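Have a look at the structure below before the remarks.
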Amino acid sequence: MSTLLVKNAQILVTMDDHRREIPDGGLFIRDGFIEQVGPSSELPQDADETLDLAGHIVLPGLVNTHHHFYQTLTRVVPAAQNANLFKWLTTLYPIWARMTPEHIRISTQTALSELALSGCTTASDHLYLFPNGSKLDDEIEAAGSIGLRLHASRGSMSLGQSKGGLPPDSVVDSEEKILEDSERLIQTYHDPSPGSMVQIVLAPCSPFSVTGDLMKQSAALARRYGVHLHTHLAETQDEEEFCLQKFGYRPLAYMQTVDWVGNDVWFAHSVHINPEEIQVYAREGCGVAHCPNSNMRLASGIAPIEAFLRAGVNVGIGVDGSASNDSSHLLAEARQAMLLARLNAGLKGASLSSTGSEIFSARQALELATRGGAAVLGRKDIGSLEVGKCADFIAYDLNHLDFSGGLHDPVAALLLCQSHGVDYNYVHGKPVVKEGMLLGIDIDKHVRLHNKAAAGLMEG
Ligand SMILES: [Zn+2]
């Protein structure tokens, strides 16, 4: 049994059902779970460890709902810098095909380091290529050194070019092998209990890289074990045309034919979605991983996030892979979600009130990155600072240049100002970042290793 007292936060943002923001707030934590939340003066003063966060804002750790860690090795590749999705993919597939287990391990640590420093405490990743003996195990093992919760998606591609898919045959696998490995990973790593550090997700890559049969069989396997399902959907106009031509359905309707709707399913992007389809998401309980930077980077379009939210759909934030962002800065991604929702409202000619109250707010964006992401991943034990939930919290020093002059509303300042990295990041009551320093890794040494691996991959 160990206890941690967090006290004197200038403001503690709970994101609870009442959205309480507590001045001079704190937490009392026992064995990684929150036992009390409230003003510091009302909390027990005796604890094994005390963290005085005077002058800081404290909030729930952020949840990332979509990523491809391995892509940190192929950021800013010149030939893919100015391409749309399909051209970008066909440029990068041959480079990704050269990856080894070592590349998976190095890139995992890079992405998780950036995520941790930008406020993330739970990260979802989608690994869908396994060249040269790579396995999802490589990612899971490497993630342990950083200390974030991980939802590791066992991705897959089975529809190569020779069968009408987009990826070259060299990066696709047999469906038998994919399903066998998926089941092995669930049995080996999936922990559904409260406070779980690792969960497995089944995630065939996209309609244009897997067969309908693999989609159906993956859904059946996931439901047999109670694990979640994830894929890319309705990301681009090209994908919509591919689905209409190959399957005779729009992307979401195609998902319905392969048993891919339900509250155990979340889709990355969901850009090209019409009002009737939004109602299907709402009725079936499908979640959305909104990736604004990637959608802008690849000129994919603007996801109708406010319409999803009005319909009651769970929406979280995802940084997406680092070859289409090219960053893993989660708080900055939430900021982009706020700005893009505002731009979308302006483009649609929405009548905005003179008070600005109808404009997508900083608090709404923060909600997507916390509660929203937790709901999308199906986690009831994270996403807010409440009694019984995991002690996953982050803190920012408010006396920092980035917020200077913006402390009329410190919560909004986090999003409206461009924030620096976190000063503290705790997962399950344990420090991942302290005084702005990442604890699990020598980051300077790691960056040298990562750059060398990235250069080697480009050379072939
Ligand atoms: Zn993606």
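The values are calculated or read from the model by the stated rules, or taken from the named source; none is laboratory data. Here the structure is a predicted model, which is why all the values come from computation and not from measurement. Methodologically, a virtual Cβ is constructed for each residue, glycine included, from the backbone with ideal geometry; neighbour enumeration extends over all protein chains shown. Note: areas computed on protein heavy atoms with side chains; ligands, DNA, RNA excluded. Shrake-Rupley method; radii C 1.70, N 1.55, O 1.52, S 1.80 Å.
Please determine whether any residue of the stretch 247-261 is within 16 Å of the ligand (Cβ to nearest atom) and open to solvent by 40 Å² or more (accessible area, probe 1.4 Å).
So far as the stretch 247-261 goes, no, none of its residues is within 16 Å of the ligand (Cβ to nearest atom) and open to solvent by 40 Å² or more (accessible area, probe 1.4 Å).
To keep it simple, each residue is scored yes or no on (1) open to solvent by 10 Å² or more (accessible area, probe 1.4 Å); (2) within 16 Å of the ligand (Cβ to nearest atom); (3) not acidic (Asp, Glu).
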{"residue": "Ala97", "(1), (2), (3)": "yes, no, yes"}
{"residue": "Thr108", "(1), (2), (3)": "no, yes, yes"}
{"residue": "Leu112", "(1), (2), (3)": "no, no, yes"}
{"residue": "Gln161", "(1), (2), (3)": "yes, no, yes"}
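Residues checked against (1) under 29 Å from His67 (Cβ atoms); (2) of a type outside the set (A, V, I, L, M); (3) at pLDDT below 95; (4) not in a helix (DSSP H, G or I):
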residue: Ser351; (1), (2), (3), (4): no, yes, yes, yes
residue: Thr355; (1), (2), (3), (4): no, yes, yes, yes
residue: Ala369; (1), (2), (3), (4): yes, no, no, no
residue: Gly383; (1), (2), (3), (4): yes, yes, no, yes
residue: Tyr396; (1), (2), (3), (4): yes, yes, no, yes
residue: Leu407; (1), (2), (3), (4): no, no, no, yes
residue: Val411; (1), (2), (3), (4): yes, no, no, no
residue: Gly421; (1), (2), (3), (4): yes, yes, no, yes
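I need the full set of residues from the stretch 1-60 which are more than 22 Å from Pro194 (Cβ to Cβ) and hydroxyl-bearing (Ser, Thr, Tyr), in order please.
Ser40, Ser41, Thr50
Exactly one condition in (1) touching a residue at least 40 places away in the same chain (Cβ under 8 Å); (2) in contact with a helix residue (DSSP H, G or I) (Cβ under 9 Å, 6 or more places away or on another chain); (3) assigned to a helix (DSSP H, G or I) is not met by Gly155; state its number.
(3)
With the requirement that a residue be among the small types (Gly, Ala, Ser) and assigned to a loop (DSSP other than H, G, I, E, B), what does the stretch 320-337 give you? Before the answer, list the steps.
The first filter runs over the stretch 320-337 and keeps only residues among the small types (Gly, Ala, Ser), leaving 321-324, 327-328, 332, 334, 337.
Gly321, Ser322, Ala323, Ser324, Ser327, Ser328 - these are the residues of the stretch 320-337 that are among the small types (Gly, Ala, Ser) and assigned to a loop (DSSP other than H, G, I, E, B).
Taking into account only those residues within the stretch 178-224 that are among the hydrophobic types (A, V, I, L, M, F, W, C) and open to solvent by 20 Å² or more (accessible area, probe 1.4 Å), which is farthest from Val376 (Cα to Cα)? Reasoning before the result, please.
So in the stretch 178-224, the residues among the hydrophobic types (A, V, I, L, M, F, W, C) come out as 178-179, 185-186, 197-198, 200-203, 205, 208, 210, 214-215, 219-222.
Remaining after also requiring open to solvent by 20 Å² or more (accessible area, probe 1.4 Å): 179, 197-198, 220.
Values: Leu179: 24, Met197: 17, Val198: 16, Ala220: 20 Å.
Per the criteria, the residue is Leu179.
Does the stretch 269-286 include one or more residues that are assigned to a helix (DSSP H, G or I) and within 16 Å of the ligand (Cβ to nearest atom)?
Initial filter on the stretch 269-286 (assigned to a helix (DSSP H, G or I)): 275-284.
Cutting the leftovers down to within 16 Å of the ligand (Cβ to nearest atom) gives us none.
The answer is no, given that none of the residues of the stretch 269-286 is assigned to a helix (DSSP H, G or I) and within 16 Å of the ligand (Cβ to nearest atom).
Give the stretch 22-50 a look and list any residue that's buried (at least 17 other Cβ atoms within 10 Å of the Cβ) and out of contact with any Gly (no Cβ under 9 Å at 6 or more places or on another chain), or say none.
Within the stretch 22-50, just Ala47 meets the criteria.
Just checking, how many residues over the stretch 52-72 are open to solvent by 10 Å² or more (accessible area, probe 1.4 Å) and over 19 Å from Leu415 (Cα atoms)? Give the derivation first.
From the stretch 52-72, those open to solvent by 10 Å² or more (accessible area, probe 1.4 Å) are 52, 54-56; that's our starting set.
Next cut, over 19 Å from Leu415 (Cα atoms) only: 52, 54.
Number satisfying all stated conditions: 2.
Looking only at residues in the stretch 158-177 that are without any contact (Cβ under 8 Å) to a residue 40 or more places away in the chain and part of a helix (DSSP H, G or I), which one is farthest from Ile140 (Cα to Cα)?
Within the stretch 158-177, the match that is farthest from Ile140 (Cα to Cα) is Ser162.
Which of the following residues is away from the ligand (no atom under 16 Å from the Cβ), under 24 Å from Leu415 (Cα atoms) and in contact with a strand residue (DSSP E or B) (Cβ under 7 Å, 6 or more places away or on another chain): Gly26, Gly32? Steps first, please.
Numbers: Gly32 fails: under 24 Å from Leu415 (Cα atoms).
Within the list Gly26, Gly32, the selection yields Gly26.
With respect to Ser124, determine if the residue is of a type in the set (Ser, Thr, Tyr) and part of a loop (DSSP other than H, G, I, E, B).
Numbers: of a type in the set (Ser, Thr, Tyr): yes; part of a loop (DSSP other than H, G, I, E, B): no.
Against the criterion (of a type in the set (Ser, Thr, Tyr) and part of a loop (DSSP other than H, G, I, E, B)), Ser124 does not qualify.
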